[in-house]
């Protein structure tokens, strides 16, 4: 038997839960893991019973036709009712549901009672536009409260929403509208990003002009055209009505405010479609991941409550845009199902200065922060002085999401943002899983920088080799193993498939290890049984017969005091099969200097071993990233190997790639 992935980088630091935090934590008894493992279905039923059901289920789990699952069969409920109405009708009526700040500095506080009225008006407006139960609605908006209203209003009337990130192009919007056959689009004239207007309505017009026959109505919110709004002392541009299509386009401010605040919630089957969310595939068209109502709401409520140790007086800020699954699960549905107060912010983290996030925490007394390693590494690069100038003593817990976090980024986050007193929960999950799957429980888990630690109770994750052998089950005590991550039992929030493409669903996720869900990620399990996610298996390099994770080499580079961020790829090599090439960004306190590249190569060799010493290291100004902040290693590979650049339509700044390509070619000339 062989290990599938060599595990080389070692991290020995551990952090126990602070005693006072653990004593008051929502869950602090390690026995919960064994209890949930013995009866995982009963465990999830216990959480589902904390929701309000119109009709109870008659069967908790139907796994008779894998990989197609059903949870809470026969049960009926409404997601909007559980996130809004039940709180508005009780003691939380006046509690802040959403605290929002726009990039220009405008602030709104919306109570649960007000949220119910806003959502009900919008739901009635959608009905007036002809939208009903079973229809699909495309939502293409900036990060404003109305985006959350739109999601909840769709759920209220039983229409599935398909939220498209406001940074995506008209062509991407066109693909998603047509795949889901959306009946209407909810959008805005524009949104604010780094002091500029993102022209959302214009993109909708362009997409529909390409041919979207299912679209009947476009509901347009006036955001950037608001009278009197200023950004850095400059008035906003006038509301652009140049492409207004009479009969199709409808002004929000003319339709929604006049609606009744009475709008009954549709009683939905637990397995009725709640939303479609498109995730890019490595090839072919985007995948429409579908999530249903009862199981999804159960999973995100449970994980919000336990992973973030959510308390009644917390102000919870997940920095993700609702165009991504993190925003669905941990801005809207999870926290609101728990009756939490949620922070939303519209703009960029460096507008007007690189301390904007820390100023928001200081001003609003945010207690829980959940953000991405990409952002954390950017903050590191900008410098320690930005968080140091702000009072963030309100924070009591930090979270990480989106990709594996480098140990040094974890330590920086814990020290400079959490001041060493806030537990850090590094979470692994996907659009497809719907909910957090591998994570510390902050009142129980001794954390290790860079490790997502253990499966959430009721979840069973394993490490498999190429033949499907469970390496964790056969390893010797204390032995470290590496391989493929797989999930072996169904969980409530798991995707029910790819919209209108069940064969692709089976092939993509269930064919490599039949009967087990394969997310496409590599992982290692250390001697203590902790999971260390290694990124996509596509990002595993085969160097002289050794399978080496790009993430481990990146972590070794970021461990050097000069490096803020690194991207590593395997470049074709005649002798070794692949050679390691690295692109690095330096911290603001360091500049490129003679000997630095050799020093970085030696540092990696010292941290990991000579086999991982990079052949090439390029000091870059920026890295090519998708609009969700993930590094596009495919394009870096194209650059390193001198091939024509691939598709850059999902890049935040496609000029970055050309700059890197020019630099790489000049180095080799």
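Summarising the label geometry, the points placed 7 Å from Cα in the beta-carbon direction at residue 538 and residue 34 lie 4.2 nm from one another. Averaging the Cα positions of each part gives two centres, and for the stretch 93-108 and the stretch 333-380 these lie 13 Å apart. Going by neighbour counts of Cβ atoms within 10 Å, the residues 292, 445, 14, 431 line up, fewest first, as 14, 431, 445, 292.
Put simply, the convex hull of the Cα atoms in the chain casts, on average, a shadow of 28.6 nm². Report note on the peptides 53-66, 201-214: ranked by the mean count of other C-beta atoms within 10 Å, highest first, their order is 201-214, 53-66. Label sites at residue 575 and residue 59, each approximated as a point 7 angstrom past Cα along Cα to Cβ, lie 6.2 nm apart. With angles folded into 0 to 90 degrees, how steeply does helix 112-128 sit against the dominant principal axis of the chain? Use alpha carbons for both and round to 10. For 112-128 against the chain, the angle is about 70 degrees. The ranking of 523, 659 by Cβ neighbour count inside 10 Å, starting from the fewest, reads 659, 523.
Using C-alpha pairs below 8 Å separated by at least 6 residues, the relative contact order for the stretch 365-451 is 29 percent.
Taking the centroid of alpha carbons for each part, the stretch 119-135 and the stretch 505-549 are 43 Å apart.
Normalised by residue number, the volume inside the convex hull of the Cα atoms of the stretch 408-548 is 139 Å³ per residue. Helix 200-211 and the long axis of the chain differ in direction by around 90°, with both axes built from C-alpha atoms.
Each Cα pair under 8 Å and six or more residues apart adds its separation to the average, and for the stretch 321-423 the resulting relative contact order is 24 percent. With the convex hull drawn around the C-alpha atoms of the stretch 276-395, the volume per residue stands at 123 Å³. The convex hull drawn around the Cα atoms of the stretch 503-555, when projected onto a plane and averaged over every direction, covers 5.0 nm².
Can you give the % of DSSP beta bridges in the chain that are antiparallel, to the nearest 5? Please list the in-between numbers first.
On the way: 61 of 99 bridges.
Around 60 percent antiparallel, to the nearest 5.
Residues 300, 41, arranged from fewest to most other Cβ atoms within 10 angstrom of their Cβ, appear as 41, 300. Take every Cα pair under 8 Å whose residues are at least 6 apart in sequence, average their separation, divide by the length of the chain, and the relative contact order is 14 percent. Once the Cα atoms are used to define both axes, helix 294-307 deviates from the longest principal axis of the chain by about 60 degrees. If you take the square roots of the eigenvalues of the alpha-carbon gyration tensor of the stretch 1-109 and sort them as a ≥ b ≥ c, do you get rounded (a/c under 1.5), prolate (a/b over b/c) or oblate? Note, shape of the stretch 1-109 comes out oblate.
Read-outs throughout are calculated quantities, based only on the coordinates presented, and are distinct from any laboratory measurement. What you are looking at is a predicted structure, and each value in this text was computed from that prediction instead of being measured. Every residue, glycine among them, receives a Cβ derived from its backbone with ideal geometry; neighbour counts consider all protein chains shown.
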